[in-house]
Amino acid sequence: MPKVNLDAIIPREDFEVKENESIGKKKETISIEDIKVDSFFFMTVRKPDFQRETNEWDENKVVEFIKSFLDGDLIPAIILWRSSGGYLFVIDGSHRLSSLGAWVNDDYGDGKISKEFYDGIIPPEQIEIANKTRKLVNSQIGSYQDYTLALRRPDKVKREIVEKAKKLGALAIQLQWVEGDASKAENSFLKINQQAAPIDSTELKLIKSRKEPNSIAARAIIRSGTGHKYWSKFEEEKQKIIQELAEEIHKILFEPKLQTPIRTLDIPIGGKSSSSTSLPLVLDFVNISNNITNKTELSDDDIGDETIKLLKRTLKVAQLINSNHPSSLGLHPIIYFYSKEGRHKPALFYGVVKFILELKEKKKINNFIKTRVQIEKIIWKYDYLIQQIHRKYRGAQASFPHVAKFLMKSVDLLLENNLSDEDTIKELIKNEFSFLTLDENISNETQKKDFSTNNKSAIYIRDAIKSAPKCQICNCLVHKNSISIDHIQRKQDGGLGIIDNGQLTHPYCNTGYKN
């Protein structure tokens, strides 16, 4: 289910920002007036630059919280820390504060604040959930504009809104303050947020290494170079390069947009860009593309050069996998990165990326093309074997090198021994993958009369894949993001640009393998 994106309501800032020392007694409560976008309080409120996106609440939870505030219910205190420069950092309560800010400023992810934050580029699904939330708020609570109108023209709004509007000026939210320096504030943030909603290992890694180039690159890619600019301290020209590279990588990974149930084979290689697993997936993709492991020691990138270097390398890998670049193998996502039910599979995604990089490094790309039909059969027909590898090594991170090895060994066996795909699998099981079991029985039984989303996707994929266009050189599926029109009779041999002399191919099959 899509969540309401309120990430723009409270800007981010570096904990370590230095300005003039700020003194004075701290507020104990905030009122609705403090949440207006032009209030002195709200203009100084910030989130730590490493905080996760404020997009964990659905429309019902947003409405429920605003209603609780208006009804005078007990609301947990907002915990703040004041920096030496006078910024008020939210240590706990960003969703609560952002929800009220969204109501007061009529911005549920698609308003003026969000448009400025995302440079005017807001995804359609974000606009859709914003409109849905606004309609729900207006029907169950009323807009903030209705409440301001109620005291001036009570005859223009509902009676219950007038009654609540009279009480609104007396309502307040309690504040608590963290005392100490930036280090104390960061430790408090991690401790509190681990208790509320445990931070997974990848996100914790991003927080602790937020100034390292791979973390900056991942955050740039996930938002297509928009949103909070974690690279804002770099020179302007370098910022521009980072944003351009990130936007291009984002397009390759996440366009066309994924919608479920699946009703088209035009799907992205990286799954949904707005899911909770998207940022970890992008970070892992950057790391695999640049051969960064847990043992790699990275330094903070203070000038942007290392971030740009990683992004350039990542772009080359993305182009190799699926794009219109001449080097592209045009791997079709439905075969290489999704289950038969249309679920994106991170372990397979990482494994295939690693596999392709090894092919390139060992100069075996053409070997892959020669065996590609059988490799795609193995991935599709024996997808449960990939799941067994995943289970054996307990997670995508630990299993993907073994998935890559499984595919590489398959290519070698197919070429060396001229085996069928089934005999290749049996040979792998007999030797290096003895823990794998053929003919795993996967039950799809259900007592429900209606088709589930997964089953709807599976039915469409099963039928659509039979008639999907194929590369006329390697005979494997062609994806819309990676199509080349090839001269059957080459131009240098007198071939003309007529329809009868054209055929669909993958870019590399046309420009590399064929030649």
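Condition check for Ser183 on (1) within 12 Å of Lys67 (Cα to Cα); (2) out of contact with any Asp or Glu (no Cβ under 9 Å at 6 or more places or on another chain): one failure, at (1).
Filtering the range 136-154 to residues that are in a helix (DSSP H, G or I), touching a helix residue (DSSP H, G or I) at 6+ places or on another chain (Cβ under 8 Å) and hydroxyl-bearing (Ser, Thr, Tyr) leaves Tyr144, Tyr147, Thr148. Scanning the range 233-249 for residues that are under 13 Å from Ile303 (Cβ atoms) and either open to solvent by less than 70 Å² (accessible area, probe 1.4 Å) or in contact (Cβ under 8 Å) with a residue 24 or more places away in the chain (or both) yields Lys233, Phe234, Glu235, Lys238, Gln239, Ile241, Ile242. Of the candidates Lys312, Lys370, the single residue that is farther than 30 Å from Lys240 by Cα and in contact with a Leu (Cβ under 7 Å, 6 or more places away or on another chain) is Lys370.
Ala347 falls short on exactly one of the conditions (1) closer than 25 Å to Leu428 by Cα; (2) over 20 Å from the mean Cα position of the chain (by Cα), and that condition is (2). Please give the number of the condition Gly111 fails out of (1) without any contact (Cβ under 8 Å) to a residue 40 or more places away in the chain; (2) over 19 Å from Thr133 (Cα atoms); (3) not acidic (Asp, Glu). So Gly111 meets the others, but not (2). For the criterion of being in contact with a Ser or Thr (Cβ under 9 Å, 6 or more places away or on another chain), over 24 Å from Asn138 (Cβ atoms) and either without any contact (Cβ under 8 Å) to a residue 12 or more places away in the chain or charged (D, E, K, R) (or both), Glu56 fails. The residue pairs whose first member lies in the range 71-93 and is in a strand (DSSP E or B) and modelled with pLDDT of 90 or more, whose second member is buried (at least 19 other Cβ atoms within 10 Å of the Cβ) and hydroxyl-bearing (Ser, Thr, Tyr), and whose beta carbons are closer than 8 Å, counting only pairs six or more residues apart or on different chains, are Phe89/Ser83.
Condition check: hydrophobic (A, V, I, L, M, F, W, C), at negative phi and open to solvent by 60 Å² or more (accessible area, probe 1.4 Å). Does Ile465 satisfy that? Talk me through it step by step, then tell me what you get.
Details: hydrophobic (A, V, I, L, M, F, W, C): yes; at negative phi: yes; open to solvent by 60 Å² or more (accessible area, probe 1.4 Å): no.
In short, no.
Taking the listed residues Leu168, Leu97, Leu175, Leu149, the one that is at negative phi and open to solvent by 20 Å² or more (accessible area, probe 1.4 Å) is Leu149, with no other qualifying. Screening Glu64 on (1) touching a residue at least 12 places away in the same chain (Cβ under 8 Å); (2) open to solvent by 50 Å² or more (accessible area, probe 1.4 Å) shows it passes everything except condition (1). What do you reckon, is Ser457 in contact with a Pro (Cβ under 7 Å, 6 or more places away or on another chain) and touching a residue at least 24 places away in the same chain (Cβ under 8 Å)? It is true that Ser457 is in contact with a Pro (Cβ under 7 Å, 6 or more places away or on another chain) and touching a residue at least 24 places away in the same chain (Cβ under 8 Å). Of all residues in the range 284-309, those satisfying the criterion of being among the aliphatic types (A, V, I, L, M) and assigned to a helix (DSSP H, G or I) are Val286, Ile288, Ile308. Restricted to the range 455-514, and to residues there that are among the small types (Gly, Ala, Ser) and assigned to a loop (DSSP other than H, G, I, E, B), the residue that is farthest from Lys381 (Cα to Cα) is Gly494. Each residue in the range 210-222 was checked for being part of a loop (DSSP other than H, G, I, E, B), at pLDDT 85 or above and basic (Lys, Arg), and 1 pass.
In a residue-by-residue description of the range 274-293, the property of being crowded, with 20+ Cβ neighbours inside 10 Å, within 30 Å of Ser467 (Cβ to Cβ) and either modelled with pLDDT under 95 or among the acidic types (Asp, Glu) (or both) applies to no position. Note on the range 496-515: among residues that are open to solvent by 50 Å² or more (accessible area, probe 1.4 Å) and in contact with a Pro (Cβ under 9 Å, 6 or more places away or on another chain), the one that is modelled with the lowest pLDDT is Thr511. Filter the range 114-136 for residues that are free of Cβ contacts under 8 Å to residues at least 60 places away in the same chain and at positive phi and give the result. Of everything in the range 114-136, just one residue is free of Cβ contacts under 8 Å to residues at least 60 places away in the same chain and at positive phi, namely Gly120. Yes or no: the range 417-439 includes at least one residue that is surrounded by fewer than 20 Cβ atoms within 10 Å (Cβ to Cβ), assigned to a helix (DSSP H, G or I) and among the β-branched types (Val, Ile, Thr). The answer is yes, given that some residue of the range 417-439 is surrounded by fewer than 20 Cβ atoms within 10 Å (Cβ to Cβ), assigned to a helix (DSSP H, G or I) and among the β-branched types (Val, Ile, Thr). Consider the range 1-59 and keep the residues that are modelled with pLDDT of 90 or more and hydroxyl-bearing (Ser, Thr, Tyr). The one that is nearest to Trp81 (Cα to Cα) is Thr44. Can you work out which of the residues in the range 342-378 that are assigned to a loop (DSSP other than H, G, I, E, B) and under 19 Å from His479 (Cβ atoms) is least open to solvent (accessible area, probe 1.4 Å)? Checking each candidate, the answer is Gly342.
Kindly evaluate Lys312 against the criterion of being more than 19 Å from Phe400 (Cβ to Cβ), part of a helix (DSSP H, G or I) and either free of Cβ contacts under 8 Å to residues at least 40 places away in the same chain or touching a strand residue (DSSP E or B) at 6+ places or on another chain (Cβ under 7 Å) (or both). Here the answer is no, as Lys312 does not meet what is asked. One residue stands out among those in the range 250-263 that are in contact (Cβ under 8 Å) with a residue 24 or more places away in the chain and in a loop (DSSP other than H, G, I, E, B): the one that is least open to solvent (accessible area, probe 1.4 Å), which is Ile262. Picking from residues in the range 309-341 that are of a type outside the set (Lys, Arg) and under 14 Å from Glu212 (Cβ atoms), the one that is farthest from the chain's Cα centre (by Cα) is Leu310.
The values are calculated or read from the model by the stated rules, or taken from the named source; none is laboratory data. Note that the structure is a prediction, hence the values are computed from the model and not measured. As a convention, Cβ positions derive from the backbone with ideal geometry for all residues, glycine included, and neighbour counts pool all protein chains shown. Just the protein is used for accessible areas: all its heavy atoms, side chains included, with ligands, DNA and RNA removed. Shrake-Rupley method; radii C 1.70, N 1.55, O 1.52, S 1.80 Å.
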